[in-house]
Every structure is written in structure tokens, then in C-alpha cells.
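Please read the structure below before turning to the comments.
The values are calculated or read from the model by the stated rules, or taken from the named source; none is laboratory data. Bear in mind the structure is a predicted one, so any value in this text is a computation, not a measurement. Reconstructed Cβ throughout: ideal geometry from the backbone, glycine too, with neighbour counts over all protein chains shown. Ligands, DNA and RNA are stripped out before the accessible areas are found, and what is left, the full protein with its side chains, is counted by its heavy atoms. Shrake-Rupley method; radii C 1.70, N 1.55, O 1.52, S 1.80 Å.
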Amino acid sequence: MAQIILSLVTFLLAAFRGGSSHTYWIYAMFTWAFCPIMTLIITIIELFKLDIILNMFCMDWSDFTTGMAMSSTLMTVSVAITYANFYACLKCLYGWIVSIFAFLCGFVYTLEVVKDKILDKKKGSYLAALPGFWKVLEAFVSCMIFISLTGYRDKPALILCVIAYIIPFPILPLIIATNILKKLKKCLPFNLDRFVFIFLVISVVLYIFAAIMWPIFMFRHNPRPSDCPPSFCIWAIQFMVAFFTYVNLILFTLDLIFTLLGICDFKRT
């Protein structure tokens, strides 16, 4: 209940502050709406014991709830950091108030993960285990790339980089959902693990391409301006795209290696 209340209070405080066309603000508002809605849905399902039916017929409910808590922690903590970076300053009291509530929101979600994974020692079958959460991390970093994209429209090489970011992204939630819904996985006319392996190979190739092309065509003849503040600067946001590109390249590469070797609960193809 604390998670729902704090998320909604943070959402209302940020909305009252005023709208913004900035993609980081839109992402923050989405997070503070999505996380409490998912928490409320989970609470209602468990209140009416519907999780017993779901557990019997289509999914590992404990794995799903722990995995959602981990994902919500990732989202709320990252939003708290980015919001404080862009909207909190020495003279921005209201920005600090929203930031404090944002960090509290991330804190209560973190407590739930600590309770589930350390105190209750819940072991997930997919989403709350390393293979599933690794896919969540890849999708999360992809989202951070998308909300940071700017200054690419008039450069064909950078447009190709954007296409490289787009291609793997919609497949990730499909892989996650199919692995959660066990009955659906059994009905597939192909081997999902083999499909995931091919997907990882393609994703690594695409991200290698983007990791080479984005820095070259974005920062060639485009040094960091001397008046570029750390909190808000177009060049710094463009740099974040390059940074997250390398982060996701590492994540996809490790995912591929773990899958090839069949270690850390990754299924060997």
C-alpha cells in the first residue's frame, strides 16, 4: 500500500508542478503511473485469491510478483535519479520535494525486493531469476536510449543506428511474456530457446554497428560545448545514447555468452 500511495503522491506533485515536453519527464510520469497500477492489480488478484488459478494454469505467480517488484525498483530508482538531475537545484524547492518523494518511492520498492530475495529467499523460475531479469535490463536500457535520442534526423548513418535500436526492442517483451506464460510456450510451433539464441546474435551485431556509428557521426566535429552544464545539455544527452549503447552491447554479449555456455541458469541451446 505504501508503494501505491507514494507513487501516486509523487505523480500528483510532479503533475502539479507543470507539464513538460522533455522525454525524461514523460518517462517519469509514466513510471509513477505504471508501477502503482501494476502493484494495485497484483494486490487485487491476491486479495481475491485469483493467483491460485493463475498459478495452476498459466504462470508462476511468485516469480511474476517478485520480478515485477525488481522491475519497478529499477524504474523508480532510475526515475528518481534523472528527475533530481534535471529538476532539482539550489533554488528549486519544489523540485527537491518531488525528488524526495521519488526516492522514497524507489526505496519502498527496494525494500520489497530485499524482503522477497533475501528474507523470504524466493527463487524465481524466470522473471525473478537472472535470465529473465537480464532481458528486463536489456529492455530498460533500450528505453533509456529511446528517451535520450536527439539530433539524428538529418544524418542517415544515425537514422540507421536508431533502426538498429528499434529492431530488438519489441521482441524482448514478447520473449519475456512467452517465458512467463508457460502454457503459451508449450504451444509454440518452434523452439523458443533456439529463437532467443538467434535473436541475441542479431542484437549483438546491431549494437556493434550502433556502437561504432553513433559516436563517429554524432561527435565528429561536435566537441562538448564549454557552457554545457552537467544537469541539462543536448550534447550530454547525445553522449548518454552512446553510453547506454555500450551498456546494452555488453548486456546482450554477456547474455549470448551465458546462453552458449549454459551457465547462471541460462538455457544452453
Q. So K117 clears everything in (1) open to solvent by less than 60 Å² (accessible area, probe 1.4 Å); (2) in contact (Cβ under 8 Å) with a residue 24 or more places away in the chain except one condition, right? Which one?
A. (1)
Q) Does region 138-154 include one or more residues that are touching a Leu at 6+ places or on another chain (Cβ under 6 Å), of a type in the set (K, R) and either surrounded by 14 or more Cβ atoms within 10 Å (Cβ to Cβ) or farther than 20 Å from A211 by Cβ (or both)? A) no
Q: Please work out if L13 is in a helix (DSSP H, G or I), open to solvent by 70 Å² or more (accessible area, probe 1.4 Å) and not acidic (D, E).
A: no
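For the structure I just gave you, tell me whether I159 is within 16 Å of the chain's Cα centre (by Cα) and either free of Cβ contacts under 8 Å to residues at least 60 places away in the same chain or under 27 Å from L260 (Cβ atoms) (or both).
no
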(Q) Here is a check on your reading of the model: is S78 within 18 Å of Y126 (Cα to Cα), in a helix (DSSP H, G or I) and of a type in the set (S, T, N, Q)? (A) no
Q. Since L90 meets every condition but one in (1) within 24 Å of N179 (Cα to Cα); (2) not in a helix (DSSP H, G or I), which condition does it not meet?
A. (1)
Q | W134 vs. criteria of a type in the set (F, W, Y) and either surrounded by 16 or more Cβ atoms within 10 Å (Cβ to Cβ) or touching a Ser or Thr at 6+ places or on another chain (Cβ under 9 Å) (or both) | A | yes
